[in-house]
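Before any comments, here is the structure.
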Amino acid sequence: MIPTLYEPFRHWSEGGSVYILSDLHFDDADCRRIDPGWVTPQEQLAIINGMVTRSDTFVCLGDVGRADYLKEIKAKRKILILGNHDAR
C-alpha cells in the first residue's frame with residue numbers, strides 16, 4: 001500500500017503499483033498530422049505493458065483517444081478520467 005495516497009484511493013496500490021499517465025491519444029489522426037513519427041497504439045501498449053503488471057492500477061488523466069485500446073493494458077484496475085479530446 002502507498003500510505004501517501006488519499007484514503008479513498010489507497011486500495012489501488014494493494015498488491016501492486018499505481019501508474020499515472022495522460023494524453024495517450026490512441027489512433028488520434030491530429031497527432032499523426034502534427035508529428036508523422038507519433039508512436040502507434042501498439043508501440044504505446046508495448047511500453048505500458050512492459051512496466052505494468054496484472055496487480056497494478058493504471059490511471060489515464062484524459063485524452064486517451066480510442067478507448068478500446070485500454071482493454072489491452074494488463075493492469076488489474078484501469079481508471080479513466082475524460083479529457084477535452086475524449087468523446088465520452
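Brief remarks on what is shown
- Ranked from largest to smallest solvent-accessible area, with a 1.4 Å probe on the protein heavy atoms, Arg66, Arg54, Arg10 come out as Arg54, Arg66, Arg10.
- Calculated from backbone phi, Karplus (6.51, -1.76, 1.60) coupling profile of region 38-51 in Hz, x at Gly/Pro: 3, 4, 6, x, 5, 5, 4, 4, 5, 5, 4, 5, x, 10
- Projecting the Cα atoms of Ser13, Cys31, Leu61 onto the charge dipole of the chain, computed from C-beta unit charges around the Cα centre, puts Ser13 farthest toward the positive end.
- In this Cβ point-charge picture (+1 for Lys and Arg, -1 for Asp and Glu), the chain has a dipole of about 340 debye about its Cα centre.
- For the chain, carbon and sulfur atoms together expose 57% of the accessible surface, with a 1.4 angstrom probe and every protein chain in place.
- When you filter the chymotrypsin sites (Phe, Trp or Tyr not before Pro) in region 6-88 for DSSP loop state and at most 12 other Cβ atoms inside 10 Å of their Cβ, you are left with Tyr6.
- Shape call, region 21-88: gyration tensor on alpha carbons, a/c limit 1.5: oblate
- Solvent accessible area, Å² - Asp56, 1.4 Å probe, full protein context: 10
- Amide N of region 46-66 lying under 11 Å from the label point, which is placed 7 angstrom from the Cα of Asp27 along Cα→Cβ: 65-66
- Across region 54-66, coupling constants 3J(HN,Hα) worked out from phi with the 6.51/-1.76/1.60 Karplus curve, θ = phi - 60°, read 5, 9, 9, 10, 10, 10, 10, 8, x, 6, 7, x, 6 Hz, and Gly and Pro carry x.
- Accessible surface area normalised per residue over region 1-68 is 61 Å², counting heavy atoms of protein chains with a 1.4 Å rolling probe.
- Residue-wise HN-Hα coupling along region 24-33, computed from phi with Karplus coefficients 6.51, -1.76, 1.60 (Hz; x: Gly, Pro): 5, 6, 4, 6, 7, 4, 4, 5, 5, 5
- Amide proton proximity set for Phe26, modelled H, under 5 Å, gap of 5+: Gly65, Arg66
The values are calculated or read from the model by the stated rules, or taken from the named source; none is laboratory data. Note that the coordinates shown come from a computational prediction; the quantities given were computed from them, not determined experimentally. Neighbour counts are summed over all protein chains in view; Cβ atoms, including those assigned to glycine, are modelled from backbone coordinates with ideal geometry. These accessible areas exclude ligands, DNA and RNA; they are computed on the full protein's heavy atoms, side chains included. Shrake-Rupley method; radii C 1.70, N 1.55, O 1.52, S 1.80 Å.
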